[in-house]
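S.K.: Before anything else, here's the structure in question.
The values are calculated or read from the model by the stated rules, or taken from the named source; none is laboratory data. Here the structure is a predicted model, which is why all the values come from computation and not from measurement. Methodologically, a virtual Cβ is constructed for each residue, glycine included, from the backbone with ideal geometry; neighbour enumeration extends over all protein chains shown. Just the protein is used for accessible areas: all its heavy atoms, side chains included, with ligands, DNA and RNA removed. Shrake-Rupley method; radii C 1.70, N 1.55, O 1.52, S 1.80 Å.
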Amino acid sequence: MPLSALNDEQLSAATAAPGHNLIIASAGTGKTSTIVGRIAHLLNSGVDPQKILLLTFTNKAAGEMIARLERFFPKKVVSKIESGTFHAVSYRWLKELHPNLALKQPGELKTLFRSIYEKHNFERMNVDVAPFSATYLYEMYSLYQNASLEGFDVWFLEKYPEHEVLMDTYMHIVESFEEEKITYGFASFNDLLLRIKAHLEENHIPFDEVLVDEYQDTNTLQSALIDTLRPKSLFCVGDYDQSIYAFNGANIENIATFGTRYPDAKVFTLKTNYRSTAPILSLANRVIERNERIYPKKLEVGRHGKTHPPKLLIYNDLFEQYQAIAHSIKHTHVPNNDIAVIFRNNSSADGIEASLRELGITCKRKGGTSFFDAKEIKFLLDMLSLLVNPKDMMAFIHIFEYASGIGSALSKEMFQCFVHFGKGSFRQGVLHPVQTDLPKLNPKKNVQLGLFDDDFEIGSATRFRHLDLSAEVYAHPLLKHPKITQEGVKFFEKFYRLMVHIDPYEAPSKTLQTIIGSRLYEGIVETLATQRGRLKTGEIDEEKKKTARERILRKARLLLDLSRQYKELGRFVNAMVLGGGELSEGEGVNLLTVHASKGLEFPEVYVVDLVDGRFPNRRMMSSIEEERRLFYVAVTRAKDKLYLSLAKFDKVKKVEYTPSQFLYEAGLIKGEFVEPEQRKGKKKESAKYQ
């Protein structure tokens, strides 16, 4: 039975008397086993399974717990337990009440919101305050629904008091939005919780016990929904030190004030960690104890045997750090699947992934786009592939996908034209065509050309004479192609100019630098940045576009850094492109943000970029306490070996880094950390590494 496998502290929690029970389940202490044990105890005590509600944050978590219970209880019994995420359970209940309810994605509802917003003429209001955009107002309203139980106007004006002159209009937009959703039967994810909460206030469902997993991640609305359920008994499992979702609306006060809100509350602590070794837990404790101790605890070691102390890795340059870690992973005996590289910011993953790829090490990223799958990198590699192998028609087709009006079929014909013009040589056909007639491509003849047939006949270059083309391009026989468009010709000229300046026999870094600095790549960057800066409403967010451009160029510089180690272009392309052919989505080293790593564990873990500004991320953080909790989550993913790394300098950005304050707190660097604002005007001191 599930209860027989529990230790004393887990068993004490799982068999607690009915009431308001809070279980502080520290990292690796058997949270899931305790919840399963609790449900087993309820069933053994004669509780009707239909009177048990299990709320989780992923359907996978709920499914795993139900599957464990089915090993010990009949499926027909376990299946009666109501389980799932807050939203999944609410949706099931609402569908029973409103069969025609249509759950809509945020993008669709944002469009509806905008249609209402645009009916209001803010320009006529003649106020000094610039109104928020429809998109921003929608996002603020969505955040409000999760974060507050007071009126939207009260909550909103606390943040933006200067918008009081616009508040009546904002309220009218929001109220009209709610009315239209009801009219059309639409519901957002927030609406599921709000509407079921309103229903439960009038129609009580008598649950004997409600169990809540990851309680520290609940938001204000979810906490209110739990209270509205009014169960006979409440069993909440969470860890104050693993509350890392404030950016997503999680309210840490829910777990912090549990004892205050429920005077009869009993708090149980699971402190025996079965995941990590003593040195890893000691480091985690030293850092997290700096945070306010709402629930006093200290992780204790539940496993014994040989241990490895956490190791601090220090490098001079950011990219040197990534390469060294890749080499370390290459020579470890631990299987790739059992290794994780954890980072605070997604940008850190690009350097790690590129370095692993170079060594032929498989890896996978949870969420986001692989560095080598990013369009800006694929374009550069396609250009290099075409230089190495001029017969690579697919590389050419991928390049010309960016030319307006040229699809894959026309790209293929153009490639064949170049080979024909060069009498078998693609490069010759682009730069110095010796054959001026088009190959037989069987274009459909247009018999209704109208006036000026001689000048503007399809198949005649004269139709492009108004364009500002170089003499070489204007004279190129490709312009006779009947299907090529004006935009296609402009793109070809940029491609032609680049091909003129490229020498495929130069060092790979010089060749790549020429491509990155070309007008052709400049156009690709502009296209991609515009796409990524476009809101779902169709508007271009200039700040978002600017950020996208910076990220694109940073990726390009990273590829350029990789190329500097190679003398031959072919070897570089082979390492970057062909070496990645072995990659598969489900295999390899795990590249994870701290948030994505939560709930996982690995024998070997690297936490990278532990420098001030990156981890903690002072620009994005809500508080240093939350950043410290992120560090705690990261290091407690490690079972056997933990490596903490940093670089002193970023040669690309010309930035010098200071070690993370968490390394000082962990005792890996001697001395006291100096806050950024206190460093100004002080003589810089070198960190003393232990």
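S.K.: Quick one: in segment 269-281, of everything that is part of a helix (DSSP H, G or I) and touching a Pro at 6+ places or on another chain (Cβ under 9 Å), which residue is surrounded by the fewest Cβ atoms within 10 Å (Cβ to Cβ)?
M.R.: 279
S.K.: Now for a separate question. Looking at this structure, is residue 147 touching a Ser or Thr at 6+ places or on another chain (Cβ under 9 Å) and crowded, with 17+ Cβ neighbours inside 10 Å?
M.R.: Taking the combined requirement at face value, the residue does not satisfy it.
Results for (1) in contact with a strand residue (DSSP E or B) (Cβ under 8 Å, 6 or more places away or on another chain); (2) closer than 30 Å to residue 137 by Cα, shown as yes or no for each residue.
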residue: 225; (1), (2): no, yes
residue: 243; (1), (2): yes, yes
residue: 259; (1), (2): yes, no
residue: 272; (1), (2): yes, no
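S.K.: Out of everything in segment 397-418 that is crowded, with 20+ Cβ neighbours inside 10 Å and free of Cβ contacts under 8 Å to residues at least 24 places away in the same chain, what residue ends up being farthest from the chain's Cα centre (by Cα)?
M.R.: Among residues in segment 397-418 that are crowded, with 20+ Cβ neighbours inside 10 Å and free of Cβ contacts under 8 Å to residues at least 24 places away in the same chain, the one farthest from the chain's Cα centre (by Cα) is 415.
S.K.: Do we have residue 76 as in a helix (DSSP H, G or I), surrounded by fewer than 21 Cβ atoms within 10 Å (Cβ to Cβ), more than 34 Å from the chain's Cα centre (by Cα) and among the basic types (Lys, Arg) here?
M.R.: yes
S.K.: Say we look at segment 573-627 and pick out the residues that are open to solvent by 10 Å² or more (accessible area, probe 1.4 Å) and acidic (Asp, Glu); which of these is modelled with the lowest pLDDT?
M.R.: Of everything passing the filter in segment 573-627, 582 is modelled with the lowest pLDDT.
S.K.: Would you please list the contacts, defined by Cβ atoms under 9 Å and residues six or more apart or on different chains, that run from a residue in segment 88-113 that is closer than 25 Å to residue 63 by Cα and part of a helix (DSSP H, G or I) to a residue that is among the small types (Gly, Ala, Ser) and open to solvent by 30 Å² or more (accessible area, probe 1.4 Å)?
M.R.: Every condition considered, no pair remains.
Residue by residue, here is whether (1) part of a loop (DSSP other than H, G, I, E, B); (2) at pLDDT 85 or above holds:
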{"site": "391", "(1), (2)": "yes, no"}
{"site": "394", "(1), (2)": "no, no"}
{"site": "403", "(1), (2)": "yes, yes"}
{"site": "415", "(1), (2)": "no, yes"}
{"site": "420", "(1), (2)": "no, yes"}
{"site": "423", "(1), (2)": "yes, yes"}
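S.K.: Ok, one more. Among the listed residues 97, 6, 109, 42, identify the single one that is of a type outside the set (Gly, Ala, Ser), touching a helix residue (DSSP H, G or I) at 6+ places or on another chain (Cβ under 9 Å) and surrounded by fewer than 21 Cβ atoms within 10 Å (Cβ to Cβ).
M.R.: Result: 97 is the single residue among 97, 6, 109, 42 that is of a type outside the set (Gly, Ala, Ser), touching a helix residue (DSSP H, G or I) at 6+ places or on another chain (Cβ under 9 Å) and surrounded by fewer than 21 Cβ atoms within 10 Å (Cβ to Cβ).
S.K.: Moving to a separate point now. Could you run through segment 179-208 and say how many residues are loosely packed, with under 14 Cβ neighbours inside 10 Å and out of contact with any Leu (no Cβ under 7 Å at 6 or more places or on another chain)?
M.R.: Matching residues across segment 179-208 total 10.
S.K.: Please work out which residue is farthest from residue 596 (Cα to Cα), limiting yourself to segment 239-267 and to residues that are in a strand (DSSP E or B) and open to solvent by 40 Å² or more (accessible area, probe 1.4 Å).
M.R.: 266
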